Amino acid sequence: MTTDNINIRLADNNDYPQLIALFSEFADFEGRKEQMTNSVDKMNAESDFFNCLVAEKDGKIIGYVAFFYCYFTWSGKALYMDDLYITPDYRGKGLGTRFITMLKEIAAQSGCHIMRWQVADWNERARAIYKGIGAVINEEDRNCDIIL
């Protein structure tokens, strides 16, 4: 399976039902399904706070990356990548790198000085990918940083 014909775009409220299903799938992958309490109703009510890119193939969302803007006292304006999730059939095909590349562009265009996210100690595959794209992983707090 290739990533040909996969469209990456900003999410909109029509995507919320598919995204809720993927959020639940991701929570299960992380071993914390009971913590997933979001809903389409919450997303509609709180849409001003939700930023997300989705990967779509044939009308089905196969991955997403959620992010928000914040301010770090040591570096200034930042883009924080909250979650990046790709369905199992599409992992290992460069889609995560495409997501992060697009987020780096969004962050730079938005005047951010840093892009940050966290990675679990046990997720060696993700850690290797992040290091491979130039992220510096702080082993003390598990933050991954890309300085823009």
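If a residue must be hydrophobic (A, V, I, L, M, F, W, C), more than 13 Å from the chain's Cα centre (by Cα) and surrounded by 18 or more Cβ atoms within 10 Å (Cβ to Cβ), how many such residues does region 62-106 contain?
1
Just one of 33, 57 is without any contact (Cβ under 8 Å) to a residue 60 or more places away in the chain, open to solvent by 60 Å² or more (accessible area, probe 1.4 Å) and basic (Lys, Arg); which is it?
Going through 33, 57 in turn, the sole match is 33.
Could you check residue 103 against (1) part of a loop (DSSP other than H, G, I, E, B); (2) closer than 18 Å to residue 146 by Cα; (3) free of Cβ contacts under 8 Å to residues at least 60 places away in the same chain and say which number it fails?
It is condition (1) that residue 103 fails.
Inspect all residues belonging to region 6-18 and state whether any of them is outside any strand (DSSP E or B), modelled with pLDDT under 95 and open to solvent by 30 Å² or more (accessible area, probe 1.4 Å).
No; the residues of region 6-18 include none that is outside any strand (DSSP E or B), modelled with pLDDT under 95 and open to solvent by 30 Å² or more (accessible area, probe 1.4 Å).
Tally the residues that are β-branched (Val, Ile, Thr) and either out of contact with any strand residue (DSSP E or B) (no Cβ under 6 Å at 6 or more places or on another chain) or over 26 Å from residue 92 (Cβ atoms) (or both), restricting the search to region 33-65.
Adding up the residues that qualify gives 2.
Can you tell me which residue is farthest from residue 120 (Cα to Cα) among those in region 37-46 that are open to solvent by 50 Å² or more (accessible area, probe 1.4 Å) and part of a loop (DSSP other than H, G, I, E, B)?
The selected residue is 46.
Which condition from (1) touching a helix residue (DSSP H, G or I) at 6+ places or on another chain (Cβ under 9 Å); (2) surrounded by 20 or more Cβ atoms within 10 Å (Cβ to Cβ); (3) closer than 19 Å to residue 60 by Cβ is the one that residue 115 breaks?
Failed condition: (3).
Here is a list of conditions, (1) of a type in the set (D, E, K, R); (2) under 17 Å from the mean Cα position of the chain (by Cα); (3) closer than 19 Å to residue 110 by Cα, and residue 48 meets all of them except one; can you say which number that is?
(2)
Regarding region 60-81, can at least one residue be identified that is free of Cβ contacts under 8 Å to residues at least 40 places away in the same chain and closer than 16 Å to residue 16 by Cβ?
The answer is yes, given that some residue of region 60-81 is free of Cβ contacts under 8 Å to residues at least 40 places away in the same chain and closer than 16 Å to residue 16 by Cβ.
Considering only region 121-138, state which residues are among the charged types (D, E, K, R) and either touching a residue at least 60 places away in the same chain (Cβ under 8 Å) or open to solvent by less than 100 Å² (accessible area, probe 1.4 Å) (or both).
Scanning region 121-138 gives 121, 127.
Residue by residue through region 93-148, note down the ones that are modelled with pLDDT of 95 or more and on the phi > 0 side of the Ramachandran plot.
111
The values are calculated or read from the model by the stated rules, or taken from the named source; none is laboratory data. Source: prediction; values computed, not measured. Cβ sites come from the backbone with ideal geometry, for glycine too, and all protein chains shown count toward neighbours. Just so you know, the surface numbers come from the protein's heavy atoms only, side chains and all, with ligands and any DNA or RNA stripped out. Shrake-Rupley method; radii C 1.70, N 1.55, O 1.52, S 1.80 Å.
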